[in-house]
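Worksheet: one structure, shown below.
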Amino acid sequence: MSLVAFRFALSPAGRTFALTYLLVAGTANLVWEAAQLPLYTIWKTAPMGELAYAVIHCTIGDLMILAAALLLALLLAGDGAWPKRGFARVALVTTALGVAFTLFSEWLNVEILRNWAYAEAMPLVPPLKTGLSPFLQWVLVPPLVLCAMRPLRIRSVPG
C-alpha cells in the first residue's frame, strides 16, 4: 500500500493528471454509453429525453468508478515514485477494479434488481451473462486513456 502515491493524486500535479484522466476517459465513456444504447431494451421503449438521461446518468456513474478505481489502485499498487515508476502496474489495477465493479454491477442490475435489460443484440460474456459491450468498455477505455497520458505523467512530476 502506498499513501505516498495516493498523496501525489491530491497534489497540484496529481490533481491535474487525475482531472485530465477523468475528462478524457469520461468523454470516451459518454460516447461509448451513447453508442451502446441499441444493445439495451431501453433503446426501443424509451423516449429521447429518457435516453439522454440514461446516457448522462451512466456517464456520471462511470466517472465515479474511474475516480474510485484510480485512487484505490494508487493505494494498492502505487509507490513513492509514481507516476514515473509503476505506471503500468497502477493502470492494470485501475482497469481490473473497473472491470470487476462492472461485472458485478451488470449482473446485479440485470439479473437480480432488473433495473435494465439487454436487447437480443447484446452479446453476453459467460458465466455471469454480462453484456460484452460494458465489459469491453472497461477493458479498453481506462488503459487506452492512461497509455495516451504517459507523456503527461512524465511532465507532471518534478525530478
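Laboratory data are not the source of any read-out in this text; all were calculated from the coordinates shown. Since the structure is predicted, the reported quantities are computational estimates derived from the model, not experimental observations. For neighbour counting, all protein chains shown are included, and Cβ atoms are generated from backbone atoms with ideal geometry for every residue, glycine included.
Sum up the charges of everything whose Cβ sits under 13 Å from the Cβ of R7, counting Lys and Arg as +1 and Asp and Glu as -1, but leave R7 out.
0
Multiply the residue gap between L51 and K129 by 0.36 nm, knock off their C-alpha separation, and tell me the result in nm, one decimal place.
Value of the extension gain: 25.7 nm.
What is the Å³ per residue value for the convex hull set by the Cα atoms of the range 1-113?
Normalising the Cα hull of the range 1-113 by residue number yields 106 Å³.
I want to verify a result. In a Gaussian network model of the chain, Cα cutoff 10 Å, which of these has the top mean-square fluctuation: V93, V31, V55?
V31
I need the Kirkwood Rh of the range 56-159: take the reciprocal of the average 1/r across all distinct C-alpha pairs and report it in angstrom.
Computed over Cα pairs of the range 56-159, the Kirkwood hydrodynamic radius comes out at 14.9 Å.
Mind checking the dipole of the range 66-149: about its Cα centre, +1 per Lys or Arg Cβ, -1 per Asp or Glu Cβ, Debye to the nearest 20?
Dipole magnitude for the range 66-149 comes out near 260 debye.
Separation of the range 15-69 and the range 100-122 by C-alpha centroid, Å?
Between the Cα centre of the range 15-69 and that of the range 100-122, the gap is 15 Å.
Taking the Cα centre of the chain as origin and charging only Cβ (+1 Lys, Arg; -1 Asp, Glu), how large is the dipole, in debye to the nearest 20?
So the magnitude is around 720 debye.
Under 5 Å between amide hydrogens, which residues at least 5 positions from T130 or on another chain qualify, with H placed 1.01 Å from N in the peptide plane?
HN-HN under 5 Å from T130: V125.
Only helices at least 18 Å long along their own axis, judged from Cα atoms, and with Kyte-Doolittle mean hydropathy of -0.5 or greater: name those in the chain from DSSP H.
12-36, 48-77, 87-107, 132-148
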